[in-house]
Amino acid sequence: MTSMQILPHPFYDRDAESVARDLLGKLIVRRVDDRLLIGRIVETEAYLGPHDLAAHSSKGRTARTEVMFGPPGHAYVYLIYGMHYCLNVVTGPGEHASAVLIRALEPVENVSITASGPGRLCRALQIDRRLNGHDLTQGELVVAQAEGFPRSLEIVARARVGVDYAGEWAGKPLRFYIAGNPYISRA
DNA sequence: GAAGGGATTCGC
DNA sequence: CGAATCCCTTCG
């Protein structure tokens, strides 16, 4: 396939909303043994930091949320509802305890089962807690940009999913997806 | 619409 | 300790 360029740390060292928008169209590259599983990000959600009542970091710094309080560009992976993993990338600026949830991928290479929805995405890419804290600029899980793609995208902003408990934060348009893409998790 | 399932957190 | 909660998915 075309050559790819791994996104460097400064890409992540910005506010979560900017990173969430700019991740659309980028590639998740997961290496399992000698196989590369590749998907294009088509849906994300921004979690802005401790003041955002929908963000895990708003509950304080704990063993589970520790990675969120660390440097940008690392994976924050946790188990939810006893059976699904969710993949987030830690953003900035600095150690701001903000992150972007990756909600859906469009299959690009070796992704046969559906990767729409955060739980299914992790199943498709064989992501579990062992990748919590992983540096996304190297190793078995990275985010990259294909040369010359994407050019321009039409982005839709909507309320985030599954955060009804978050009061006024529940309705803020911090979920982003590529308009018309068939792999988004829900309309 | 409800249940399934386990880690995590909080309250007693 | 027990109880409640959860950035979900699949089944009825």
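Quick check on my filter: what residues within region A:70-89 are away from DNA strand C (no atom under 12 Å from the Cβ) and of a type in the set (Phe, Trp, Tyr)? Before you say what the answer is, go through the steps one by one.
Here is the first cut: in region A:70-89, the ones away from DNA strand C (no atom under 12 Å from the Cβ) are A:70-75.
Within region A:70-89, no residue meets the criteria.
The residue of region A:116-144 that is farthest from DNA strand C (Cβ to nearest atom), among those that are among the small types (Gly, Ala, Ser) and more than 16 Å from A:Ala75 (Cβ to Cβ), is A:Ser116.
This table checks each residue for (1) at pLDDT 95 or above; (2) under 27 Å from A:Met4 (Cα atoms); (3) within 16 Å of the chain's Cα centre (by Cα); (4) charged (D, E, K, R).
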position	(1), (2), (3), (4)
A:Val89	yes, yes, yes, no
A:Ala99	yes, yes, yes, no
A:Ser112	no, yes, no, no
A:Asp128	yes, yes, yes, yes
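Number of residues in region A:145-162 that are more than 16 Å from DNA strand B (Cβ to nearest atom), within 15 Å of A:Ala104 (Cβ to Cβ) and part of a loop (DSSP other than H, G, I, E, B): the value is 2. In region A:126-178, which residues are closer than 21 Å to A:Thr91 by Cβ and among the polar types (S, T, N, Q)? Within region A:126-178, A:Asn132, A:Thr137, A:Gln138, A:Gln145 meet the criteria.
Restricting region A:163-182 to residues that are within 12 Å of DNA strand C (Cβ to nearest atom) and surrounded by 14 or more Cβ atoms within 10 Å (Cβ to Cβ), which is nearest to A:Glu106 (Cα to Cα)? Quick ask: steps written out before the conclusion?
Taking region A:163-182 as the starting set, the residues that turn out to be within 12 Å of DNA strand C (Cβ to nearest atom) are A:163-167, A:169-170, A:174-175.
Next cut, surrounded by 14 or more Cβ atoms within 10 Å (Cβ to Cβ) only: A:163, A:166, A:169-170, A:174-175.
Working: A:Val163: 24, A:Ala166: 29, A:Trp169: 28, A:Ala170: 26, A:Leu174: 20, A:Arg175: 17 Å.
Selected residue: A:Arg175.
The values are calculated or read from the model by the stated rules, or taken from the named source; none is laboratory data. Keep in mind the model is a prediction, meaning the values are calculated, not measured. Please note: Cβ atoms are built from the backbone with ideal geometry, for glycine as well, and neighbour counts cover all protein chains shown.
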